[in-house]
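Data first, discussion second: the structure below is written as structure tokens.
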């Protein structure tokens, strides 16, 4: 597989994984496993995310109500603490295992997610999948064999990184779009919304 073919293959694989994840969530009566309340730097609520553990990875449903218009980078950060400037959330989940970006030679991070596109209304509901993440190390679910082989082919056999480890994790929205290649954060600019991921 050529590196140029990777983004398309990745998109197809993620779509298939996402479809399986969505089915599994529906079968489980949509009982979420974790949540994150998204806040602005001023502490104002801008939305909420529901997270589901699936054999395909962590499925994230993000619902924004007061977000800035435009295209924004969206990531899972490695520390479950936002703090006043969101710097306490650290870098991306899995940032020590790979370089950033779906288009980079040695990426992506486990916390890399597709950009979100917020309309003028500031409201958005979107579902995405983090195929290299799992909620906790104790998760007993084993990915389906076909999905595991696909992940190994696309990501060099890397295992999934736990979101709810000893220092937790956070969801982050950035001021600008992720270019999917620049390390460490896709040149996506300031952190404009953060939510600590909490198990239910």
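The values are calculated or read from the model by the stated rules, or taken from the named source; none is laboratory data. Please read these numbers as outputs of a predicted model, since none were measured by experiment. FYI the Cβ positions are ideal-geometry reconstructions off the backbone, even for glycines, and counts take in every protein chain you see.
It is to be established whether one or more residues within the range 111-123 are outside any loop (DSSP other than H, G, I, E, B) and free of Cβ contacts under 8 Å to residues at least 12 places away in the same chain. Within the range 111-123, none of the residues are outside any loop (DSSP other than H, G, I, E, B) and free of Cβ contacts under 8 Å to residues at least 12 places away in the same chain. When restricted to residues that are more than 20 Å from residue 124 (Cβ to Cβ), in contact with a strand residue (DSSP E or B) (Cβ under 7 Å, 6 or more places away or on another chain) and buried (at least 24 other Cβ atoms within 10 Å of the Cβ), the range 95-111 contains 3. Within the range 31-49, residues that are at positive phi reach partners that are outside any loop (DSSP other than H, G, I, E, B) and crowded, with 17+ Cβ neighbours inside 10 Å with beta carbons closer than 7 Å, at six or more positions or on different chains, in the pairs 47/38; 47/62; 47/64.
Quick one: which residue in 59, 103 is in contact with a helix residue (DSSP H, G or I) (Cβ under 8 Å, 6 or more places away or on another chain) and part of a loop (DSSP other than H, G, I, E, B)? Unique residue meeting the criteria: 103. Residues of the range 24-34 include at least one that is in a strand (DSSP E or B) and either within 18 Å of residue 131 (Cβ to Cβ) or at pLDDT 95 or above (or both). Within the range 158-170, identify whether any single residue is part of a loop (DSSP other than H, G, I, E, B), surrounded by fewer than 16 Cβ atoms within 10 Å (Cβ to Cβ), touching a strand residue (DSSP E or B) at 6+ places or on another chain (Cβ under 7 Å) and modelled with pLDDT of 95 or more, and answer yes or no. No, that holds for no residue.
On the stretch given as the range 127-144, residues that are at pLDDT 50 or above and more than 17 Å from residue 165 (Cβ to Cβ) total 4. When you check residue 79 against the structure, is it surrounded by fewer than 21 Cβ atoms within 10 Å (Cβ to Cβ), at pLDDT 95 or above and assigned to a strand (DSSP E or B), yes or no? For residue 79, the condition - surrounded by fewer than 21 Cβ atoms within 10 Å (Cβ to Cβ), at pLDDT 95 or above and assigned to a strand (DSSP E or B) - is not met. Scanning the range 62-75 for residues that are in contact with a strand residue (DSSP E or B) (Cβ under 6 Å, 6 or more places away or on another chain) and either within 22 Å of residue 160 (Cβ to Cβ) or assigned to a loop (DSSP other than H, G, I, E, B) (or both) yields 62, 65, 66, 67, 69, 73, 74, 75.
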